[in-house]
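Please treat every number below as a calculation from the coordinates, not as lab data. It should be emphasised that the depicted structure is a prediction, and the values quoted were computed from it without experimental measurement. All Cβ positions, glycine included, derive from the backbone under ideal geometry; neighbour counts span all protein chains shown.
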Amino acid sequence: MRDAYLDLDPVYKDRHGQPLMRMTFDWNQNDINMAKYVTDRAVEIMKQTGGKHLVVDNQSLESWNPYMQHSSHTIGGAVMGADPTTSALNPYLQSWDAHNLFVVGASAFPNNGGYNPTITVGALAIRAAQAISQTYSKNPAPLVEA
């Protein structure tokens, strides 16, 4: 969404005087509609399978707040992909633009797989570490040709 983006904060800086990353984001109407649809289907399933005491909280979608999430895995920002025109990182989590920069974490995901991303983040971290150790350290260069 065009109204969801990362930029450098003009006010807040780190201890070295560098601007901090700022995230501008809020749920859009499509996000709210999708969450309501999925929640309604889940409630139907729970009732049909005998659920009696259901607690549904749709308030967390009123306005996004990182401190009020029941389960939130914020991702994106440095998306990996096979094409440098549509991604920030190559499949080894290496920056397309600065070959000495590797970004490890869920920021490499273009979307969330729907459940805790920890194992996938770990697997990608191991893959990147192996590529750095076995290939990059011997020949510091792009691991994937653009």
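A few notes on this one:
- Neighbour counts of other Cβ atoms within 10 Å put Phe25, Phe109 in the fewest-to-most order Phe25, Phe109.
- When the Cα atoms of the chain are aligned to their principal axes, the ranges along those axes come out at 61, 39, 28 Å in descending order.
- Taking Thr118, Thr85 and counting other C-beta atoms within 10 Å, the order from fewest to most: Thr85, Thr118
- Most fluctuating residue given options Met23, Met68, Met34, as computed from a GNM of the chain linking Cα atoms under 10 Å: Met34
- Gaussian network model of the chain, Cα within-10 Å springs - most flexible of Thr120, Thr39, Thr49: Thr49
- Of all the options Asn90, Asn30, Asn100, the one that moves most in a Gaussian network model of the chain with Cα springs shorter than 10 angstrom is Asn30.
- Neighbour cut-off at most 12 other Cβ (10 Å), DSSP loop, trypsin sites (Lys or Arg not before Pro), segment 3-98: Arg15, Lys52
- Farthest positive-ward along the chain dipole, Cα basis, beta-carbon charges - from Ala131, Leu61, Gly81: Ala131
- Counted by neighbouring Cβ atoms within 10 Å, the residues Leu143, Leu124, Leu93 run from fewest to most as Leu143, Leu124, Leu93.
- Tensor-based shape of segment 73-146 (alpha-carbon gyration tensor, a/c under 1.5 rounded, otherwise prolate or oblate): oblate
- Spatially proximal lysines relative to Lys47 (Cα-Cα < 21 Å; intrachain offsets below 8 disregarded): Lys36
- Shape category assigned to segment 1-72 from the gyration tensor of Cα positions, a/c cut at 1.5: prolate
- Student exercise, segment 1-72 dipole from Lys, Arg, Asp, Glu Cβ charges, in Debye to nearest 20: 200 debye
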